[in-house]
Amino acid sequence: MPQPSDSPTQLLLRWRSGDQEALQALIPLVYKELRLAARRCLRAERPDHTLQSTELVHEAYLRLAGDRPVSTENKAHFVAVAAKLMRQILVDYARRRAAVKRGPQFKVELAENIDLPQTAQVDLVELDHALTRLSRRDAQQVKIVELRFFGGLTVEETADALEVSPATVKRDWSMAKAWLTREVGRSSIGKDRTVGAG
């Protein structure tokens, strides 16, 4: 049974060893960070999105509890993994809704985090496809995007989580932003929509 004195790192180790109660004890210790990650994931969604940050955190928790434990080294890495799950939840939600409504209503604003022009909006499913394509070229760059953009980690926290230097994170982050900007633009132009017009 988890003890009140258990640190997040100790709880993560116990969870990885199969102790589901450790995950239950961990969530209150990282709940504030999870809510912030959920807000970051949702802030660019349409204002009337039916999922709210609390629901997104709970859905991510259910997925974490239902799957086998994820290898995470520390609290920041765990929050980033949860943020990646939140991204996937939003993508799944957008796909289900798009199947019903058939249209590009599910857009995310990338300008603040990936340096697209201020008017740039990208379909969340398109972004997910672009990240999948990028993973075939450079899996580390995708991890950096997930940790920084979706997880909200700093360069230093990302470097710690991936066990690389901050300079490597900066370089790969810059390259990933440029690649995603180009790929998402191509995808949108192919659909007669312009990313970053104006």
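Restricting attention to segment 14-24, the residues that are exposed (fewer than 14 other Cβ atoms within 10 Å of the Cβ) and part of a helix (DSSP H, G or I) add up to 2.
The residue pairs whose first member lies in segment 125-146 and is closer than 18 Å to V164 by Cα and touching a residue at least 40 places away in the same chain (Cβ under 8 Å), whose second member is of a type in the set (G, A, S) and assigned to a helix (DSSP H, G or I), and whose beta carbons are closer than 9 Å, counting only pairs six or more residues apart or on different chains, are E146/A80; E146/A83. Of all the residues in segment 63-99, those that are closer than 26 Å to L162 by Cα, under 16 Å from the mean Cα position of the chain (by Cα) and not hydroxyl-bearing (S, T, Y) number 20.
Residue-by-condition table, conditions (1) within 16 Å of L124 (Cα to Cα); (2) in contact with a Leu (Cβ under 7 Å, 6 or more places away or on another chain):
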residue	(1), (2)
L12	no, yes
E33	no, no
S53	no, yes
G66	no, no
K84	yes, no
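The residue of segment 25-53 that is surrounded by the fewest Cβ atoms within 10 Å (Cβ to Cβ), among those that are modelled with pLDDT of 90 or more and over 17 Å from the mean Cα position of the chain (by Cα), is P28.
The values are calculated or read from the model by the stated rules, or taken from the named source; none is laboratory data. Predicted, not measured: the structure shown is a model, and the values here were computed from it. Note that we place each Cβ from the backbone using ideal geometry, even for glycine, and neighbour counts take in every protein chain shown.
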